[in-house]
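Below is one structure, written out as structure tokens, with a few remarks after it.
None of the figures in this text is laboratory data; all of them are computed from the coordinates on show. Quick caveat: nothing in here was measured; it's all calculated off a predicted structure. Heads up, the Cβs are rebuilt from the backbone with ideal geometry, glycines too, and the neighbour counts pull from every protein chain shown.
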Amino acid sequence: RVTTRGKSNLDLPTDFSSPISLTLLDGQHTGSAQTGSTSGTIILDASESADESWIIGKEILITSGTGANQAAQVLTYSSSTKTATITPSWIVTPVASDGYMIVDRYTPLYEYPVWDYDKETIPTTLMEPKNYYPIGDEDDGQVLFVGVPDKTYGVRIRYYADLS
């Protein structure tokens, strides 16, 4: 999932039952893709400054557009053509202007018990989320970040699925 700057809640997947972990994904290299392919490539922004030795092994997260909320690991990269080969292949192929982030930092988010929500003073300033409250239930759930995201982040949600 991808956060929205200024929005403190995030919808959970429709098959969500209960959390295992939430991890905040962040990266300093962002841009707009030029194109992608179903065979597992993406051409990054023409101004992308990442080099081969740094980017290989990192994840690329599609943060906006038709391919949003997908992540894949970089296997190969050409800094001259800005082409990355990724795994797994895209489910929805990124197109020109889809936003991306090269993830280089993973921060665990910690759950606060929902019954403490009304007892606390929740920061409403823009900041990097560190914690969250689970809101709702397995049929209609969200997480409410402690602090309002100050930019676009990725959130990796590992959870038990309701398969019924």
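3J(HN,Hα) along region 21-26, derived from phi through the Karplus expression 6.51 cos²θ - 1.76 cosθ + 1.60 where θ = phi - 60°, amounts to 7, 10, 10, 7, 10, 9 Hz, with x in place of Gly and Pro. Taking region 113-132 and a reference point 7 angstrom along Cα→Cβ of Arg5, the backbone N atoms nearer than 15 Å belong to 126-129. Excluding Asn69 itself, calculate the net charge of residues whose Cβ lies under 14 Å from the Cβ of Asn69, where each Lys or Arg counts +1 and each Asp or Glu counts -1. Taking every Cβ under 14 Å from that of Asn69, the sum is -1. Total lysine pairs in the chain at Cα distances under 17 Å, for residues eight or more apart or on different chains: 4. Direction-averaged projected area, Cα convex hull, region 100-155: 4.7 nm², rounded to one decimal. The Kirkwood radius of region 5-139, taken over pairs of alpha-carbon atoms, gives through the Stokes-Einstein law at 37 °C and 0.692 mPa s a diffusion coefficient of 198 µm² s⁻¹. Karplus-based coupling profile of region 124-136, in residue order and whole Hz: 10, 7, 6, 6, 6, x, 10, 9, 8, 10, x, 10, x, with θ = phi - 60° in 6.51 cos²θ - 1.76 cosθ + 1.60 and x standing for Gly or Pro. Each residue of region 27-41 was assigned a 3J(HN,Hα) from its phi angle through the Karplus expression (A = 6.51, B = -1.76, C = 1.60, θ = phi - 60°), giving x, 8, 8, 10, x, 10, 5, 8, 5, x, 9, 5, 7, x, 9 Hz with x at Gly and Pro. Here the alpha carbons of region 2-61 define both size measures, Rg and Dmax, at 15.3, 41 Å. Note on Tyr160 and Ser37: their simple-model spin labels are 4.3 nm apart, each label 7 Å out from Cα toward Cβ. Taking amide hydrogens as modeled 1.01 Å from N in the peptide plane, which residues meet the under 5 Å criterion relative to Ile135, leaving out close sequence neighbours? When sequence neighbours closer than 5 places are left aside, the close amide H contacts are Gln142, Val143, Leu144.
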